[in-house]
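As structure tokens, the structure follows; a few thoughts come after it.
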């Protein structure tokens, strides 16, 4: 398997860092239901798991986010933020 260039690695690190920041804001927002805040915390943990490749971390995070995206209790602005995070993570490939 070819090595990722340092530019790609830096780009993926930036995507993951941005996603974690956005998710952290959601997880600390008291206007968001508890189950959604808990799920965003789980996604943050998945993104920080350095034993996995960038692509696997992103895929795992997207999968977890897709499970909660259709929750009817989710505020619309939170859904928009989560969709932005999903779009960001979809740019990460192995």
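Each reported figure results from applying straightforward, stated rules to the coordinates on display, with no laboratory input. Model, not experiment: these values are computed from the prediction. A quick note on method: Cβ atoms are made from the backbone with ideal geometry, for glycine too, and the neighbour counts reach across all protein chains shown.
Of note:
- Remark: the residue 38-residue 73 segment gains 11.2 nm on full extension, using 0.36 nm per residue and subtracting the alpha carbon distance.
- Degrees, to the nearest 10: 76-89 long Cα axis against longest axis of the chain: 10 degrees
- Debye intensity ratio I(q)/I(0), log10, the chain, q values 0.12, 0.24 Å⁻¹ (C-alpha model): -0.35, -1.21
- Helix axis angle, 54-68 relative to the chain longest principal axis, alpha carbon, degrees: 10 degrees
- With R₀ fixed at 25 Å, the C-beta to C-beta distance from residue 49 to residue 14 puts the FRET efficiency at about 0.90.
- Helix-only CD estimate at 222 nm, as mean residue ellipticity for the chain, using -39500 (n - 2.57) per DSSP H run (n ≥ 4): -23500 deg cm²/dmol
- Computed FRET value (nearest 0.05) for residue 80 with residue 6, which takes r as the C-beta separation and R₀ as 30 Å: 0.35
- Kirkwood radius and radius of gyration were both taken over the C-alpha atoms of segment 41-94, and their ratio Rg/Rh is 0.99.
- Inter-probe distance in nm under a simple model that places probes 7 Å from Cα toward Cβ, at residue 66 and residue 90: 1.1 nm
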